[in-house]
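For reference, the structure is listed below as structure tokens.
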Amino acid sequence: MALKVKAQEKLQKIGTHAGKYRYIMMPELYTSLSQDKVIKEAALRSGVSKGIMQACWDAAGEVIKAWATEGHSVALPGLGTMRFGLRAKSVEKVDEVKAGLITSRRIIFTPAVELKDELAATAVQISCYDRDGKEVKRVTSTSGEVEDPENENQNGGSDSGNTSQTGGGLPEEGD
């Protein structure tokens, strides 16, 4: 299995390359899996009935929500931990501290080392599209290694993936 990425040629409107077309990479969005599909698959993999899995799923969700909103960092099996956090403005004097300083409430997810390692080892498939939406190139890594042409000396300048072109190509930095 590989992560799917698309590189779309787009006109840059801001920044150093404003007014130039550049290839911008982004993950290809997969469809959202429904809770029912996840529960059905988990029940199948565990040998537990779907009804029992649904009850466990609901109970785990309630426990995670209750503990996280009490300020705990809660383990998510095989994934990592989640907790709530916030962003707030700072003030100079204690008399100025008030709830109105909070600018946002967030959910903070910290992935498990095993999950990060698995993601790092996952191959990547990149499909490149020109500004007209025509596919012009495909690149597929054979492992989780990533080529970094800006730091070629770090990995000896070796190509760590296979590439196949379907025509065209990506412009080089100086083009």
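Hey, among the residues in region 71-123 that are of a type in the set (Asp, Glu) and surrounded by 10 or more Cβ atoms within 10 Å (Cβ to Cβ), which one's farthest from Val5 (Cα to Cα)? Filtering first and then ranking leaves Glu96.
Within region 33-45, the residues that satisfy the criterion of being surrounded by fewer than 10 Cβ atoms within 10 Å (Cβ to Cβ) and of a type outside the set (A, V, I, L, M, F, W, C) are Ser34, Arg45.
So that you can scan it fast, the table gives a plain yes or no per residue for (1) under 26 Å from the mean Cα position of the chain (by Cα); (2) part of a strand (DSSP E or B); (3) on the phi > 0 side of the Ramachandran plot:
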{"site": "Leu3", "(1), (2), (3)": "yes, yes, no"}
{"site": "Thr16", "(1), (2), (3)": "yes, no, no"}
{"site": "Gly19", "(1), (2), (3)": "no, no, yes"}
{"site": "Met26", "(1), (2), (3)": "yes, yes, no"}
{"site": "Lys37", "(1), (2), (3)": "yes, no, no"}
{"site": "Glu62", "(1), (2), (3)": "yes, no, no"}
{"site": "Arg83", "(1), (2), (3)": "yes, yes, no"}
{"site": "Val91", "(1), (2), (3)": "no, no, no"}
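Per the conditions (1) open to solvent by less than 70 Å² (accessible area, probe 1.4 Å); (2) within 22 Å of Ile107 (Cβ to Cβ); (3) in a loop (DSSP other than H, G, I, E, B), the sole criterion not satisfied by Val48 is (2). Report yes if some residue within region 23-32 is closer than 23 Å to Ser141 by Cα, without any contact (Cβ under 8 Å) to a residue 60 or more places away in the chain and open to solvent by less than 70 Å² (accessible area, probe 1.4 Å); otherwise report no. Scanning region 23-32, I find at least one residue that is closer than 23 Å to Ser141 by Cα, without any contact (Cβ under 8 Å) to a residue 60 or more places away in the chain and open to solvent by less than 70 Å² (accessible area, probe 1.4 Å), so the answer is yes.
The values are calculated or read from the model by the stated rules, or taken from the named source; none is laboratory data. Everything quoted here is computed from the prediction, not taken from an experiment. Every residue, glycine as well, gets a Cβ built from its backbone with ideal geometry; the counts of neighbours run over all protein chains shown. Just the protein is used for accessible areas: all its heavy atoms, side chains included, with ligands, DNA and RNA removed. Shrake-Rupley method; radii C 1.70, N 1.55, O 1.52, S 1.80 Å.
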